[in-house]
Each structure stands twice: as structure tokens, then as C-alpha cells.
Amino acid sequence: MSNAPEVFASQDLTGVGEIFRKLNPPARLAVFGDPIAHSASPPMHNAALRERNHQLQYVRIRVTPEELPQALRNLTSAGFLGASLTIPHKQAALSFMDQLSREAQLMGAINTVAVRDGKLFGFNTDGPGLSAAIHESFGIPLKKHRVLILGGAGGAGRAITVQCALEGSPSVIITNRNKEKGDLLSQEIQEYLDFPISSIPMTTESLGLAMKSVDLIINATPLGMKAGDPSPLPEGLLTRDHLVYDTVYSGGETALLKQARSAGARCAGGFSMLLHQGALQNALWFGETAPLETMRKVLNDLRR
Ligand code: NAP
């Protein structure tokens, strides 16, 4: 796979995608995003492809919002099996799919495209990936937790909120910087899934009250991605009885994880969600269980 440049351009998918067909092995899977150079998905997915002896590779393609519709249409003619989608495409891509999974419809976003019989199928593995990560990190399934989701109406936050509702977590509280978005999502979930959920303001007072009735706190805001980012949670609210999961995986230890550690709370960062959502994507493309430990080893190596 040494002849693959770090990032391809959306235009490379035009025609029959000759550039991708000429690679050794040919590229037939990709991640679309903008920016995309930082993505950890290619090493993780390529390790899985090698392990299973699939003669193809997974590459990064920089696709801008304007280029997205054509890039998705070109997947089929360029001989791709599918693609992963990341910021900023997860919501916009929804309307270009021929078919959507029920979860993707409810989550209002897709992170996985599978090309089947020339048609585009959209899925969302962020919610199920988070669920697997919670079970693995804390030994307790998502459906047993009373959950508070910070940034619950963002892209990942919405997927996680819907996942909690689908699994029947005993209670879910969401808080969103733009509270109206949180209120709207909460109403939608009550209407479509008949699930009790509340939306609260992102203030110290409201969060302080909420902390008394939840055991799992999930950060789905990007706070923590950049060095020096503050925690999304005010100081002094966590106790040793809380569990904290930060979906952020790009930096070192986030301010939220530091808060959790100093409060004596068990906590975990977002690498396990990245791993499990990727393993579920691989299973959708190949119809077989992904080599999870091989993928995990690559992510662990990248983290060091
Ligand atoms: P997004 O759609 O842009 O949503 C961002 C959310 O965070 C929104 O709720 C937004 O509130 C809120 N927010 C943004 N800046 C904030 C701030 N300064 N203070 C408080 N809230 C703030 O982004 P996304 O795609 O959901 O990604 C969010 C995070 O999830 C990122 O860190 C990403 O790395 C992580 N993620 C991790 C995985 C994984 O596999 N581990 C997978 C997907 C996403 P408003 O609605 O008010 O703007």
C-alpha cells in the first residue's frame, strides 16, 4: 500500500476512478471529509483488510460540501464498495442515499455508505459503536445507565441520544449549547420513540441538579479536541460514583477526563468508540465479523 498518497481529491473519483484502480491493491473504500488528513480510519481499516486477505485498500479523500453529491454518485462507477463519512458530511449525505437504515433515519445522519447492486445504502454505526464502547469500558450495558449527554443534539450527540432511546436506557437527559436544538430533539424522540427524555440548559445550576440523577456522563461536544480546551462540565460536579465517557479521541487526556480522575470517577476516552464504529462499518461492507483486536492494536499504536 506504499503507493497511496496521504489524501486524494474528490475529482479522482470521476470516470471509472482510474487512479484508484491502478493502486496496488486497488482502493475500493474511502473516508470522505474536509479536513481529512488527520483521519485515523485508513490505518485501522487497512489492517482489517490485510488480516482478512481482502485485495483492496481504504484511502482518504478530501471532499468539500459542494463536491459531496457528485463524489457519492461517483462511488459506484469508480468500483467502490462503500465509504465512511466524517465532518461535515454526516447529515448532508442522508438525502443522496437510495435507502437508509431505521437507525440512520432516526439519527438524522449517516457515517457509512455501502454500495449494493449499484445503489447507495446509508447506515449509522456511531450509536451502536458508542454502545459497544460503554459496555467494554465499564462492564455495564448502555441500557442499564441513567445518562447525561453533553452536546446531545449535535451530530454524534444525536446518534448517542437515539441509541440510548432505542436500547431503553432508564433515563436520558440531554444538554446542548443551543438549548432549542436540544428541546426539539427531545420532542422528536418522545413523539417517534415514545421515550421519556429531558432537555436542560447547559448551566452550572441545571447540570448540578442533573448530576444527582445520572450515573453515566457522555461528552459529545468537540471540547477537548484542541490542547487547552476547557471541560464542557463546570468544576466540582463529578463524584466518584459517576462514570464518564469522552467521545473525543484526537488529543491527549481531555480536561473532562482529568476532572473525572481527580474526582475518583471511572472514565474512558473516545478511541474505543472509534474502534467499534469502524468494526461495525467493516461488517456492513463484508458481511462478516471484523478482526477487532487487529484494528484495536493499530489504534493503540497510533495513540502512543
Ligand atoms: P457537531 O455535529 O458539530 O456537534 C457538536 C456539538 O457540540 C453540538 O451539540 C454543539 O452545540 C456542541 N458544541 C460545540 N462547541 C461547543 C462549546 N464550545 N461548548 C459547548 N458545546 C459545544 O460535531 P460532531 O460530529 O457531533 O462531533 C462532536 C464530537 O464527537 C467531536 O469531538 C468528535 O471527535 C466526537 N466523535 C467521536 C467519535 C468516535 O468514534 N470517538 C465519532 C463521532 C464523533 P450547538 O448545537 O449549540 O452548536
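Quick notes on this one:
- Calculated FRET value between LEU193 and SER95, using beta carbons and R₀ = 25 Å, to 0.05: 0.65
- Note on GLN105 and PHE286: the extension gain reaches 62.9 nm, defined as 0.36 nm multiplied by sequence separation minus the Cα-Cα distance.
- Distance in nm between pseudo-label sites at GLU66 and ALA37 (7 Å out along the Cβ direction from Cα): 2.1
- Of ASN178, ALA37, ILE200, farthest towards positive along the dipole that unit charges on Lys, Arg, Asp, Glu beta carbons give the chain: ALA37
- Percentage relative contact order, the chain, counting C-alpha pairs under 8 Å, at least six apart: 15
- Amide H contacts of LEU243: LEU216, ILE217, each under 5 Å away and 5 or more positions distant or on a separate chain (H built 1.01 Å from N in the peptide plane; Pro and chain starts excluded).
- Helix-only CD estimate at 222 nm, as mean residue ellipticity for the chain, using -39500 (n - 2.57) per DSSP H run (n ≥ 4): -11500 deg cm²/dmol
- ³J(HN,Hα) computed for each position of the stretch 231-246 - Karplus, 6.51 cos²θ - 1.76 cosθ + 1.60, integer Hz, glycine/proline x: 6, x, 10, x, 4, x, 9, 7, 10, 5, 7, 7, 10, 10, 10, 9
- Using 0.36 nm per residue and subtracting the Cα-Cα separation, the extra length available between THR14 and GLU51 on full extension is 10.3 nm.
- Computed from Cα positions, the angle between helix 126-138 and the longest principal axis of the chain comes to roughly 60 degrees.
- Hz values of 3J(HN,Hα) by residue in the stretch 139-155 - Karplus curve (6.51, -1.76, 1.60), Gly and Pro given as x: x, 10, x, 3, 5, 9, 9, 8, 10, 10, 10, 7, x, x, 10, x, x
- Label point distance in nm, ILE87-LYS143, each placed 7 Å from Cα along Cα→Cβ: 3.3
- Computed extension gain for SER77 through ARG303, at 0.36 nm per residue and net of the alpha carbon distance, reaches 77.8 nm.
- Karplus-based coupling profile of the stretch 254-267, in residue order and whole Hz: 7, 4, 5, 5, 5, 4, 4, 4, 6, 7, x, 8, 6, 8, with θ = phi - 60° in 6.51 cos²θ - 1.76 cosθ + 1.60 and x standing for Gly or Pro.
- Student exercise, the chain dipole from Lys, Arg, Asp, Glu Cβ charges, in Debye to nearest 20: 560
- The stretch 1-106 - charge dipole about Cα centre, Lys and Arg +1 at Cβ, Asp and Glu -1, debye rounded to 20: 280
- The chain: angle of helix 271-286 to the longest principal axis, Cα-based, in degrees nearest 10: 40
- Net charge dipole size for the stretch 127-269 [Lys, Arg +1 and Asp, Glu -1 on Cβ; Debye, nearest 20]: 280
- Each of ILE218, CYS164, PRO234 was scored by the projection of its Cα onto the charge dipole of the stretch 155-269, and the greatest displacement toward the positive side belongs to PRO234; charges sit on the C-beta of Lys, Arg, Asp and Glu.
- Between the residues ALA109, VAL7, GLY154, the greatest Cα displacement towards the positive end of the dipole of the chain, with unit charges on the Cβ of Lys, Arg, Asp and Glu, is found for VAL7.
- Exceeding the 26 Å Cα-Cα cut-off - candidates LYS181/LYS212; LYS22/LYS297; LYS90/LYS258; LYS212/LYS258; LYS90/LYS144; LYS90/LYS181: LYS22/LYS297; LYS90/LYS258; LYS90/LYS144
Any read-out appearing in this document is the output of simple, stated calculations on the displayed coordinates, not a laboratory observation. In this text the structure is predicted, and so the values were computed from the model without any measurement. Neighbour counts run over all protein chains shown; Cβ positions are idealised from the backbone, glycine included.
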